[in-house]
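> Got a structure for you, written out below as C-alpha cells; questions coming shortly.
Nothing in this text is a laboratory measurement; each read-out follows from the coordinates by a stated rule. Note that this is a predicted model, so its numbers are computed, not measured. So basically every Cβ, Gly included, is an ideal-geometry build from the backbone, and we count neighbours across all protein chains shown.
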Amino acid sequence: MDYTQRMRALREDKDIAQKVIADYLKIPQTTYSGYESGNRKLPVDLLSPIARYYGTSADYILGLTDEIRPYPRPKGRKGHPGKEG
C-alpha cells in the first residue's frame, strides 16, 4: 500500500471529508485530493501535520511500517519533533 492509499484509508476510516483535512492543513481541497490520487507529490513539510492529525506516524503513512500507532514522544517535547517543549 503506498502513501496515497494510506492517506485515503486513514481519512475514510475517520469518516472525514477531504475539505476538513485540507482546511486543517490550510490548503485547497483540490490540492489535498491531488495528494490522495497521486496526481501531486506530497510535500515533506505536510507529512508530520497529516500524521499528527490522524494519530499515526509518518512511517506508517509512507508504508515503512504497518504499526498504525504513533511512536511515543520523548518526554519534555511537544509539537514538532526536534523542537523543545
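> Give me the aspartates and glutamates in straight-line cross-link reach of LYS41: C-alpha distance below 17 Å, same-chain residues under 8 apart excluded.
Answer for LYS41, where 17 Å is the Cα cut-off: ASP2, ASP59, listed by chain and number.
> Ignoring everything except DSSP H segments at least 4 long, calculate the 222 nm mean residue ellipticity for the chain; use -39,500 (n - 2.57) per segment, divide by total residues, nearest 500.
Details: 5 runs with 44 residues, N = 85.
Mean residue ellipticity at 222 nm (helix-derived): -14500 deg cm²/dmol.
> With no solvent and one point on each alpha carbon, what is the Debye value of log10 I(q)/I(0) for the chain at q = 0.13, 0.18, 0.22, 0.23 Å⁻¹?
Taken in order of the listed q values, log10 I(q)/I(0) reads -0.41, -0.77, -1.10, -1.18.
> Going Cα to Cα from LYS14, which aspartates and glutamates come in below 14 Å? Please leave out same-chain ones fewer than 8 positions away.
The qualifying aspartates and glutamates are none; the list is empty.
> Using a Förster distance of 30 Å, how high is the FRET efficiency between TYR71 and THR30, based on the Cβ-Cβ distance and rounded to 0.05? Walk me through the numbers before you get to the answer.
Values: r = 32 Å, r/R0 = 1.06.
The calculated FRET efficiency here is 0.40.
> Subtracting the Cα-Cα distance from 0.36 nm times the residue separation, let me have the gained length for LYS14 to TYR53 in nm, one decimal. Don't skip to the answer; put the middle values down first.
Values: separation 39, 0.36 × 39 = 14.04 nm, distance 1.07 nm.
Going from the current span to full extension adds 13.0 nm.
> I want the local charge near LEU42. Using Cβ-Cβ distances under 13 Å, sum +1 for each Lys or Arg and -1 for each Asp or Glu among the other residues.
On the way: positive: ARG6, ARG8, ARG40, LYS41; negative: ASP2, GLU36, ASP45.
Residues close to LEU42 contribute a combined charge of +1.
> Taking the chain as a Gaussian network, Cα atoms linked when under 10 Å apart, which of ILE16, ILE61, ILE50 shows the biggest mean-square fluctuation?
ILE16
> In the chain, if the dipole is taken from +1 on Lys/Arg beta carbons and -1 on Asp/Glu beta carbons about the Cα centre, which of PRO74, ALA22, MET7 is farthest to the positive end?
The residue sitting farthest along the positive end of the dipole is PRO74.
> GNM, the chain, Cα, under 10 Å: largest mean-square fluctuation among LYS41, LYS14, LYS75?
LYS75
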